[in-house]
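I have placed the structure first, in the form of structure tokens, so that the comments after it can refer back to it.
Any read-out appearing in this document is the output of simple, stated calculations on the displayed coordinates, not a laboratory observation. The shown structure was predicted, so the numbers you read here are calculated from the model rather than taken from an experiment. Here the Cβ is made from the backbone with ideal geometry for all residues, glycine too, and neighbour counts use every protein chain on show.
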Amino acid sequence: MIKPAKDKLLASIFTNSPGLVNLWAKQADIVTNTSTPWASAASNTLQGPVALVTTAGVHLIGQPPFDMDDPEGDASFREIPSSTPAGALTITHNYYDHGDADADINVVLPIERLKELEAEGFIGRIARRHFSFMGHILGSRLERLVGETAPAVAAEMKKDGIRAALLTPG
Amino acid sequence: MGLIQRAIEEADIPTLSISLNRTVTERVKPPRAVLVGYPLGHPMGRPFNKKTQISLLKESLTLLRDIRVPGTLVDASDRYRFK
């Protein structure tokens, strides 16, 4: 079977079988941390700007898609301006079934919902841009993520004065 | 995703992630996470279920602001089961 078709079949099976995901997670080579970094949230932290970060492989239709041919994944990221209409977004990620997210991008990147929370005053201000990665990053690509691209996104968010970030997986 | 979250938190920006799997999240140990009972590919639930998406987003942002213990993983309310 060719790789994209095989990936999509596996993605569909995993999406519909939470038990299988658990079995996978128990034996998978996942980093195990005993401590966690900590930034205190101020009582007015939701005054913002509030940003979204996703690993669901979302990008603008006009941006280069994530590289699905490299078995170690793609550690690069895409900027998603807040002004982007939902219809201008697409997903490149063969390792989960994104049929529902294709229909409604808010399933993985709740950008329209966050704008609504700004309009109703639940948050003060939405960030001017959000960031997107693809998950399933391994080996040397994982080293690039940890050493380069994740800190680069953090630095860009710092420049934007982000005060709260919500992360969503694929 | 947890590794990206940790990098952002290390830049002194408070973060919270939506988790779809307890085992993975307990191992990665992000600063704050909320566990929803949704399948892969659906961190915010079903498509076009605007009411639930808004409600989960509000609950998540409130937890982001209010959690005081590093490494806290909270179970989302039962209403976020994938019905």
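Placing pseudo-labels 7 Å out from each Cα toward the beta carbon at residue A:40 and residue A:118 gives an inter-label distance of 2.8 nm. Applying 0.36 nm per residue to the separation of residue A:90 and residue A:67 and subtracting their alpha-carbon distance, the gain on full extension is 6.9 nm.
Relative to the compact-globule estimate of 2.2 N^0.38 Å, the Cα radius of gyration of the stretch A:108-156 comes out at 1.53. What the Cα convex hull of chain B gives, in volume per residue, is 92 Å³. The label point for residue A:102 and the one for residue B:68, both projected 7 Å from the Cα toward the Cβ, are 4.7 nm apart. Restricting the calculation to Cα atoms, every distinct pair contributes to the Kirkwood radius of the protein assembly as shown, found to be 17.9 Å. Residues in the stretch B:32-38 carry Karplus couplings, in order, of 8, 8, 10, 8, 10, x, 10 Hz; the curve used is 6.51 cos²θ - 1.76 cosθ + 1.60 with θ = phi - 60°, and Gly or Pro positions show x. At each listed q (0.16 Å⁻¹), what is the log10 of I(q)/I(0) that the Debye formula gives for the stretch A:47-168 modelled as equal alpha-carbon point scatterers? So the normalised log intensities are -0.75.
Phi angles across the stretch A:51-65 convert, under the Karplus curve 6.51 cos²θ - 1.76 cosθ + 1.60 with θ = phi - 60°, into 3J(HN,Hα) values of 10, 10, 9, 10, 10, 8, x, 6, 7, 5, 4, x, 7, x, x Hz, Gly and Pro given as x. Only DSSP H runs of four or more residues enter the estimate; each adds -39500 (n - 2.57), and after division by the residues of chain A the mean residue ellipticity at 222 nm equals -8500 deg cm²/dmol. With the convex hull drawn over the C-alpha atoms of the stretch A:71-137, the volume per residue is 94 Å³. In chain B, helical runs assigned H by DSSP with n ≥ 4 each contribute -39500 (n - 2.57); averaged across all residues and rounded to the nearest 500, the mean residue ellipticity at 222 nm is -12000 deg cm²/dmol. Cross-linked pairs B:29/B:50; A:115/B:50; A:158/B:29: Cα-Cα separations exceed 18 Å for B:29/B:50; A:158/B:29. The amide H of residue A:82, built 1.01 Å from its N in the peptide plane, has A:129, A:130 as neighbours under 5 Å, considering only residues 5 or more places off or on other chains. On the basis of the beta-carbon distance and an R0 of 30 Å, residue A:160 and residue A:5 show a calculated FRET efficiency of 0.15.
Compute the long axis of helix B:50-66 from its Cα atoms, compare it with the longest principal axis of the Cα atoms of chain B, and write down the angle in degrees, 0 to 90, nearest 10. Taking Cα atoms only, the helix is inclined about 20 degrees.
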